[in-house]
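J.: Here it is: the structure, laid out below.
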Amino acid sequence: MDWLVDRFKEAPEKLAFIHDGRLVTYKQVVDTISTFQLQIQGAQIKAGDIVVVVGDYSPEVFCLTMALALNKSIVIPLTKDSVIDESIALRSSGSDWYIQFASNGQDFKIEKRSVPTESQLVRDFRKKNEPGMILYSSGSTGLPKGMLYNFSRVLEKFRHQRKATIAIPFLMIDHFGGINTILSIVSSLGTVVTVIDRSVKSICRAIENYNVELLPTTPSFLTTLVASNICNQFKLSSIKRISYGTEVMPQSTLDRVRATFPEVELLQTYGLSEVGVMRSQSRGDGSLWVKLGGAGFETKVIDDILWVKSDFAMEGYINAKSEFNDDGWFNTQDRVEVDGEYFKILGRTTDIINVGGQKVYPAEIENFLLQVDNVLDVSVYGETSPMLGQMVVAKFQLKELEPINDLKRRIRLACHGKISAYKIPSKVLISEVSLYSSRQKKVRTAVSVSVDAASKSDGEVEG
């Protein structure tokens with residue numbers, strides 16, 4: 001892993017981080033990594049030791065992670081908004097040390113915290129004398145899965161140096177997409193602009209203040225961005241590329257983003273925590289078709305489901321059975337359409353709503369409903385129905401509040417003759433708060449943190 005630190009040394013005066021207005025060069029990054037290595041040795045943190053690091057993006061959190069990796073320890077990055085309760089995480093992964101950063105991202109405390117691991121996979125990996133990392137999924141069903149990675153293998157994907165850019169790491173540092181983004185930026189000697197508050201206004205302000213060139217984000221965030229018109233309050237001309245992934249993009253949102261940022265390159269990305277983030281190439285016709293693959297990745301489609309084989313895959317789950325087959329292929333559970341070399345992602349099989357035997361894709365209905373007047377955002381999901389097995393539920397965030405009965409009437413009129421009857425929402429809800437989680441992904445459940453609690457009313461639309 002020394003090659004990355006050597007690369008940092010080649011550009012000592014280049015700006016590596018802008019954190020809360022604080023400028024940090026690559027020379028400072030190298031020096032901070034060295035300082036942390038001495039502190040690690042002084043604390044007697046050994047190779048194979050499991051170290052929990054609690055904090056969000058900051059130069060120091062990144063440098064400590066690198067120093068621990070160079071020490072061949074196993075790092076578990078967590079944040080205050082982690083998808084799994086800390087005690088549950090530590091019980092499955094185990095721990096030897098606990099390091100918590102203060103809110104400023106600089107001050108921290110190291111303490112010994114010994115928790116034996118329940119995972120044979122972790123016990124075996126500790127003997128390999130390799131740097132490791134454990135991340136937890138943000139899956140919609142069941143307990144989040146812990147994933148063990150060989151950090152050297154993850155990092156190897158970035159050995160080929162690409163053009164440097166100024167970018168905001170949008171996803172959190174305890175998410176594989178967040179780790180992937182920050183490694184992509186620094187391995188190319190770009191500049192990481194950290195934003196603690198990931199609201200639309202804060203992101204736009206950071207873009208304007210620091211001339212951000214790349215915004216890697218989610219369709220949910222982009223839906224709010226273009227529907228709220230907040231972006232018109234800021235100068236965002238520095239943006240050269242917007243990449244989006246982690247969930248299905250509504251075509252209506254993509255069209256609005258293209259209209260709002262006509263000179264910006266839009267790139268659909270695709271990846272899974274289990275296999276990594278693939279190289280992608282969006283088709284140049286403004287559609288959602290994308291070419292996937294790149295060095296180290298193979299793809300195939302079985303019964304309309306995408307399968308992936310990756311050189312950068314995780315070692316395995318620490319608290320669940322492997323979902324790789326004997327040949328190393330992983331079932332993504334993403335249903336796709338295929339057009340030559342291009343794929344169109346329709347949605348997760350677990351999200352599909354079954355209405356009397358008919359399949360309904362939430363993203364398809366959301367795409368239609370986002371075009372209805374006064375709709376800021378919408379989340380579509382299934383709810384149990386005694387007659388049909390499931391019914392379609394649509395939860396709306398509105399630009400301006402209106403009576404629920406008026407909204408129901410407008411939705412019924414908008415859907416009539418435009419979409420099949422079984423796809424029309426049988427239940428309509430209004431929420432005054434965002435419909436996406438702290439992970440910037442659409443919440444498609446009947447009960448969700450801070451969403452249903454703020455819902456003012458609900459009702460049913462006659463199908």
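The values are calculated or read from the model by the stated rules, or taken from the named source; none is laboratory data. Note that this is a predicted model, so its numbers are computed, not measured. Neighbour counts are summed over all protein chains in view; Cβ atoms, including those assigned to glycine, are modelled from backbone coordinates with ideal geometry.
J.: Hey, among the residues in region 196-217 that are in contact (Cβ under 8 Å) with a residue 40 or more places away in the chain and not hydroxyl-bearing (Ser, Thr, Tyr), which one's nearest to residue 433 (Cα to Cα)? Show your work before the answer.
T.: Within region 196-217, the subset in contact (Cβ under 8 Å) with a residue 40 or more places away in the chain is 196, 198, 210-217.
Add one more test, that the residue is not hydroxyl-bearing (Ser, Thr, Tyr), and what stays is 196, 198, 211-216.
Numbers: 196: 19, 198: 15, 211: 29, 212: 28, 213: 29, 214: 27, 215: 23, 216: 23 Å.
The residue in question is 198.
J.: Now for a different question. If only one of 146, 132, 94, 105 is touching a Pro at 6+ places or on another chain (Cβ under 7 Å) and small (Gly, Ala, Ser), which one is it?
T.: 94
J.: Is there a residue being assigned to a helix (DSSP H, G or I), surrounded by fewer than 20 Cβ atoms within 10 Å (Cβ to Cβ) and modelled with pLDDT under 95 anywhere in region 67-79?
T.: No, every residue in region 67-79 fails to be assigned to a helix (DSSP H, G or I), surrounded by fewer than 20 Cβ atoms within 10 Å (Cβ to Cβ) and modelled with pLDDT under 95.
J.: Okay, next question. Any residue that is without any contact (Cβ under 8 Å) to a residue 60 or more places away in the chain, farther than 17 Å from residue 155 by Cβ and either within 25 Å of the chain's Cα centre (by Cα) or in the same structural domain as residue 143 (by TED's automatic domain parsing) (or both) - is there at least one of those in region 63-72?
T.: No - not one qualifying residue is present in region 63-72.
J.: A follow-up question, please. Which members of region 388-428 meet the condition of being among the charged types (D, E, K, R) and out of contact with any Ser or Thr (no Cβ under 9 Å at 6 or more places or on another chain)?
T.: Correct list: 400, 402, 406, 408, 409, 410, 412, 418, 423, 427.
J.: For region 237-271, name all the residues that are of a type in the set (Val, Ile, Thr) and in a strand (DSSP E or B).
T.: 242
J.: OK, next. Check 291, 300 and return the single one that is outside any loop (DSSP other than H, G, I, E, B), surrounded by fewer than 13 Cβ atoms within 10 Å (Cβ to Cβ) and in contact (Cβ under 8 Å) with a residue 24 or more places away in the chain.
T.: Testing whether each residue is outside any loop (DSSP other than H, G, I, E, B), surrounded by fewer than 13 Cβ atoms within 10 Å (Cβ to Cβ) and in contact (Cβ under 8 Å) with a residue 24 or more places away in the chain leaves just 300.
J.: Further question: Taking residue 308, is it at pLDDT 90 or above, closer than 28 Å to residue 159 by Cβ and either hydroxyl-bearing (Ser, Thr, Tyr) or within 22 Å of the chain's Cα centre (by Cα) (or both)?
T.: Against the criterion (at pLDDT 90 or above, closer than 28 Å to residue 159 by Cβ and either hydroxyl-bearing (Ser, Thr, Tyr) or within 22 Å of the chain's Cα centre (by Cα) (or both)), residue 308 qualifies.
J.: Let me ask something else. Please find, among 321, 300, 309, 344, the residue that is within 24 Å of residue 143 (Cβ to Cβ) and not hydroxyl-bearing (Ser, Thr, Tyr).
T.: The conditions single out 321.
J.: Being of a type in the set (A, V, I, L, M, F, W, C), more than 23 Å from residue 248 (Cβ to Cβ) and at pLDDT 90 or above, is that true of even one residue in region 439-453?
T.: There is no residue in region 439-453 that is of a type in the set (A, V, I, L, M, F, W, C), more than 23 Å from residue 248 (Cβ to Cβ) and at pLDDT 90 or above.
J.: Another question, then. Regarding region 173-187, can at least one residue be identified that is surrounded by fewer than 21 Cβ atoms within 10 Å (Cβ to Cβ) and among the aromatic types (Phe, Trp, Tyr)?
T.: no
J.: Which numbered condition in (1) crowded, with 23+ Cβ neighbours inside 10 Å; (2) part of a loop (DSSP other than H, G, I, E, B); (3) under 15 Å from the mean Cα position of the chain (by Cα) is the only one that residue 216 fails?
T.: Of the numbered conditions (1) crowded, with 23+ Cβ neighbours inside 10 Å; (2) part of a loop (DSSP other than H, G, I, E, B); (3) under 15 Å from the mean Cα position of the chain (by Cα), the odd one out for residue 216 is (2).
J.: Inside region 311-335, can you point out the residues that are more than 20 Å from the chain's Cα centre (by Cα), surrounded by 15 or more Cβ atoms within 10 Å (Cβ to Cβ) and under 28 Å from residue 267 (Cβ atoms)?
T.: Hits for region 311-335 are 324, 329.
J.: So which residues in region 91-124 are among the small types (Gly, Ala, Ser), modelled with pLDDT of 90 or more and in a helix (DSSP H, G or I)?
T.: Across region 91-124, the qualifying residue is only 93.
J.: Just one of (1) within 30 Å of residue 211 (Cα to Cα); (2) outside any helix (DSSP H, G or I); (3) touching a residue at least 60 places away in the same chain (Cβ under 8 Å) trips up residue 154, so point out which.
T.: Checking residue 154 against (1) within 30 Å of residue 211 (Cα to Cα); (2) outside any helix (DSSP H, G or I); (3) touching a residue at least 60 places away in the same chain (Cβ under 8 Å), the one that fails is (2).
J.: Counting just the residues of region 125-151 that are assigned to a loop (DSSP other than H, G, I, E, B) and hydroxyl-bearing (Ser, Thr, Tyr), which one comes out surrounded by the fewest Cβ atoms within 10 Å (Cβ to Cβ)?
T.: Checking each candidate, the answer is 141.
J.: Does residue 41 qualify as being more than 23 Å from residue 315 (Cα to Cα), surrounded by fewer than 14 Cβ atoms within 10 Å (Cβ to Cβ) and not acidic (Asp, Glu)?
T.: yes
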